[in-house]
1. In degrees, nearest 10, range 0 to 90: what is the angle between the Cα axis of helix 12-43 and the longest Cα principal axis of the chain?
2. Of the peptides 171-178, 99-106, how do they stack up when ordered by the mean number of other Cβ atoms within 10 Å, highest first?
3. Counting just the Cα atoms, what span does the range 11-75 cover along each of its three principal axes? Round to the nearest Å and put the largest first.
4. Taking 0.36 nm per residue of separation and subtracting the Cα-Cα distance, what length does fully extending Ser79 through Ala112 add?
5. What is the ratio of the Cα radius of gyration of the range 5-213 to 2.2 N^0.38 Å, with N the residue count, to two decimals?
6. From the helices alone, meaning DSSP H stretches of at least four residues, give me the mean residue ellipticity at 222 nm for the chain, per-run term -39500 (n - 2.57), in deg cm²/dmol to the nearest 500.
7. Roughly how tilted is helix 137-158, in degrees to the nearest 10 and between 0 and 90, from the longest Cα axis of the chain?
8. Report the gain in length on full extension from Phe71 to Asp6: 0.36 nm times residue separation, minus Cα-Cα distance, nm rounded to one decimal.
Amino acid sequence: MEFRTDIIVANAGAIAEGVLITLLVTSFSFLVALVLGAVVGILRRRRGVLSRLLGGYVSFFRGTPLLIQLFLIYYGLPSIGLSMPRYVAAVLSLALNSAAYISEILRGALGAVPKGQEEAAQVLGLTRMETLVFIVFPQALRVALPALVNSFSSILKDSSLVSVLSIIELTRIGQLIYTRTYRAFEIYLTVALIYYVLTETVACFSRRIERALEI
């Protein structure tokens, strides 16, 4: 069977637009997940009711499929009066899911910072918040950075699932082209190769960070 490169060339503009939407959804989701994951990871360092509640959130989002979380947020929440645009639902779902993992990454990294650092900062007169922001968190971030870059890569691949919400990202573009051409092999091979190139680029960036930080 002939490989129809002309189909890919003819739809290159649409594919490029899908890549752009994928990168935007991934980037926004990662930024939200990073902020939320940092807050959850810091708050879970202390024992108490709040820590246990946040632990339940982490357990739920790590223990259930992302696809079900997408359906729950986009289709389920409107039944209790919480409707949102599909792009917001997509970003929120990816962010909540990834934040559960990022919070554990950061909590572990924060725990790896020697306690003596905090004690020395307090002796110098820094408050707990100042110690966390200026002393502990920067050191923890250095340790967690490669894993955080890998989290970005995971979101990038998981973003293909938002196509079920009819968001016109890379996977959805591939589906639409297929419905017009019925050339599944060329289209989905191209989509797979694009995802591969994107994730390998992120992985290369992660390796460079590791070498630079000597981790």
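Bear in mind these aren't lab numbers, they're just calculated from the coordinates by the rules spelled out. The model shown is predicted, which means the values in this text are computed figures rather than measured ones. Cβ: placed from backbone, ideal geometry, glycine included. Neighbour counts: every protein chain shown.
1. Approximately 20 degrees, to the nearest ten.
2. Highest mean packing first, the order is 99-106, 171-178.
3. 55, 23, 16
4. Between Ser79 and Ala112, full extension yields an extra 7.6 nm.
5. Working: Rg = 20.3 Å, N = 209, 2.2 N^0.38 = 16.8 Å.
Taking the Cα Rg and dividing by 2.2 N^0.38 Å, one obtains 1.21.
6. -25000 deg cm²/dmol
7. 20 degrees
8. Values: separation 65, 0.36 × 65 = 23.40 nm, distance 3.60 nm.
Stretched out fully, the Phe71 to Asp6 stretch lengthens by 19.8 nm.
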